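Nothing in this text is a laboratory measurement; each read-out follows from the coordinates by a stated rule. Bear in mind the structure is a predicted one, so any value in this text is a computation, not a measurement. With ideal geometry, Cβ positions are generated from the backbone for all residues, glycine too; neighbour counts draw on all protein chains shown.
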Amino acid sequence: MQKVLQHQTLSFDGFTLDLTRGCLLRHGEEEVKLRPKSFEVLRHLVENSGRLVSKDELIGAVWPNTAVTDDSLVQCLIEVRRALDQGGQRIVKTVPRRGYVFEADVTRHDLPGREVIYTEEIEGVRVAFEEEGNEEQAVSRTEIVAAPQAKDEEFLQGAIGPHKRVALLILATLVAVIVTVAYFVMPRYFVRSDKASALAVNGAIRSIAVLPLENLSGDPAQDYFADGMTEALIGKLAQIGSLRVISRTSVMRYKASNKSLPEIAHELNVDAVIEGTVQRSGGRVRVTAKLIPAATDSPLWAREYERDLSDVLKLQSEVARAVADEIRIQVTPDERARLAAARNIDPQVHDEYLLGRHHLRTNEDDLRQAIGHFERAVQLAPDYAAAYAGLSNAWLQRSVWGAKDHKEMMEMIPLARDNALKAVALDPQLVEAHIALGQVKIFDWDWASAEATLTRALELDPNSAEAHRTYGDLLSALERHAEAIREMHSAEELDPLSSVTQSRYARALYRARKYQEAVPHVQRAIDLDPNLGNVMPYWIQGDLYEQMNRHDEAIASLKKAQSQGGNAQEISAEIAWVYARMGKQNEARRMLEELKATTDPSSFSSFGVASAYAALGDKGDAFKVLFHMIEERNVVTHIKADPQFESLHSDPRWQVLLRRMNFPLE
């Protein structure tokens with residue numbers, strides 16, 4: 001039997017799209033898994049590289065004559081970008097409201113047709129001699145192919161000459177030798193437990209969770225050191241683009257947990273976990289680490305490290321590199337260089353830094369302590385970029401959670417900006433510095449610069465849930481809703497047990513007018529953190545219920561947010577907004593008059609008050625409040641996307657307002 005096949009491939013940026021086999025290869029060898037529809041999305045983009053491909057064109061090419069939602073395309077694009085490692089965001093670019101552009105040089109290879117002549121089955125294997133082009137250009141290699149049924153000897157004699165029969169016998173002998181050697185050698189080679197061996201042969205580790213390292217010092221006051229080492233190891237592994245690493249917030253829930261490792265791995269949806277211990281004593285630190293596949297309690301790998309405290313950053317890098325080597329994950333040269341980059345550090349400086357990280361919480365007292373520790377760290381080591389990034393983060397959080405009024409908040413933002421810029425200048429590879437700077441740029445309404453900074457953060461650390469969340473917030477503000485939801489979905493995968501992630505995901509869906517989809521996320525945020533002080537999910541829930549015309553439930557949720565410690569004045573204004581939407585205009589106006597009489601003008605000019613005036617139809621008062629907020633640079637970042645102000649969009653003053661905030665206009 002003879003069959004002629006033409007082999008077509010498209011090569012770009014270290015990848016090969018094999019159109020004949022229907023697969024994506026990395027460096028021409030390693031197959032990258034893609035679902036069929038994701039492969040077709042990538043194929044269409046690659047075949048049209050350098051050209052703007054509209055959303056409708058892409059959906060039509062991949063799902064012809066089929067009605068699908070935009071989300072189907074978004075999910076495929078997420079998978080494609082992940083498959084292309086850290087280059088995914090750079091290569092597959094989104095052009096807002098227009099479509100997508102594949103920005104990479106593409107080389108097409110159309111190999112000549114090849115003739116495959118099948119021979120008889122030998123010990124369950126068929127041998128085929130390939131001839132490409134014509135018989136005078138016969139390829140010297142052989143190809144083993146799956147055999148249907150054995151043909152008779154007459155076909156064999158007619159198809160293969162004497163010299164090929166010799167080659168056939170030699171190859172059959174080699175196959176027999178290989179099978180025999182494998183039978184005896186494989187059990188000796190995999191000396192690990194049976195379950196671990198099965199994983200090594202049949203499975204691949206592409207996702208991992210670093211469980212909280214156990215503090216063996218016997219002193220609970222040293223927990224911050226063990227937690228800091230856990231976070232550092234997560235951060236190191238997270239720099240590997242081909243490995244999904246669960247964020248700190250989610251793994252810390254398993255501190256001192258009695259759950260089994262397979263159960264934890266299942267809840268976090270990972271292939272393996274790392275557990276270990278840490279102990280520091282007499283100027284030394286000892287760390288043990290075990291790599292354990294999800295399906296078993298048997299370690300695949302275990303090591304112990306002991307170093308001087310001044311070498312603790314190098315130790316963290318060494319553990320991360322050892323894990324990467326053990327699971328044989330692809331690590332790019334740039335990633336390997338970053339993993340290897342580690343400095344000596346004064347133990348006192350490192351201690352101050354870890355204490356600062358320990359106190360990065362959403363309350364004024366802890367944030368004051370965090371700032372104090374970070375400041376002592378930079379005093380002792382003025383070139384320590386991580387401490388400046390920590391300072392920037394602390395000032396940003398304090399401006400939200402600790403500032404007593406707008407004036408005090410405005411005094412904190414420049415401190416966050418200066419420390420972020422200092423951190424980036426000292427270490428351009430530091431992810432935390434880029435995230436902090438991106439957040440400042442959003443506050444500055446410098447949208448393009450914010451996007452460039454945050455995409456750089458994601459290039460450096462594709463596993464940073466905070467980078468995905470912050471980028472998602474930015475995209476939401478710019479009304480690029482599908483992209484925003486994609487980023488929030490990525491954040492959720494990396495930080496599945498984070499109440500903050502669920503709240504911000506719900507808010508992005510709210511701004512995209514996907515109210516029903518947002519409800520389970522906001523409920524999940526409440527379930528994950530029902531404690532006093534978790535204001536945001538109840539607040540978002542109130543907004544959601546109002547847009548769904550569930551007015552009584554909206555008021556109940558907003559009052560719950562107040563009882564959790566939310567801003568009483570701002571939430572009261574939002575309740576007035578709900579009353580206005582219900583048609584209870586007198587009640588809404590009464591509440592607004594009470595607020596106006598009992599608060600200073602800067603506090604009265606708020607998002608909730610502007611929303612209430614817009615719902616009442618008092619556009620003049622609504623714009624007066626909004627323009628005052630812009631002059632004061634109050635928190636109006638997402639004004640363009642929030643549904644509360646849709647009734648103002650047709651007013652000419654709306655475009656004036658957006659221009660003052662530097663929004664890119666239609």
Practice problem: Over the alpha-carbon set of the range 202-343, divide Rg by the Kirkwood Rh and report the Rg/Rh ratio to two decimals. | Solution: 0.94
Quiz prompt | the range 585-617 versus the range 644-661: alpha-carbon centroid distance in Å | solution = 19
Self-check item: Kirkwood Rh, angstrom, the range 310-417 [1 / mean 1/r, Cα pairs]
Solution: 15.4
Quiz item: How long are the semi-axes of the ellipsoid equivalent to the range 430-560, from square roots of 5 times the Cα gyration tensor eigenvalues, in whole Å, largest first?
Solution: 27, 15, 13
Quiz item: Shape call for the range 223-294 from the C-alpha gyration tensor, a ≥ b ≥ c root eigenvalues: rounded (a/c under 1.5), prolate (a/b greater than b/c) or oblate?
Solution: prolate
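Based only on the alpha carbon positions, what is the Kirkwood hydrodynamic radius of the range 542-612, in angstrom?
For the range 542-612, the Kirkwood estimate is 11.9 Å.
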Self-check item: Amide H within-cut-off set for residue 360, under 5 Å, with H built and near neighbours excluded
Solution: none
Quiz prompt | Between the range 346-422 and the range 453-530, the Cα center-to-center distance that results, in Å | solution = 24
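Just order 346-359, 398-411 by mean Cβ neighbour count inside 10 Å, highest at the front, would you?
Working: 346-359: 19.9, 398-411: 15.1.
So the order, starting with the most tightly packed, is 346-359, 398-411.
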Exercise. Can you spot the lysines whose alpha carbon is less than 26 Å from residue 624's alpha carbon? Ignore those fewer than 8 places along the same chain.
Key: 404, 407, 441, 584, 596, 640
Self-check item: Under 16 Å from the Cα of residue 314 - lysines, other chains or at least 8 residues apart
Solution: 236
Quiz prompt | Rg/Rg_globular for the range 2-105, with Rg_globular taken as 2.2 N^0.38 Å and Rg from C-alpha atoms | solution = 1.07
Quiz item: What's the percent breakdown of Cα-Cα distances in the range 559-666 across 10 Å bins, shortest bin first?
Solution: 15, 49, 30, 6, 0
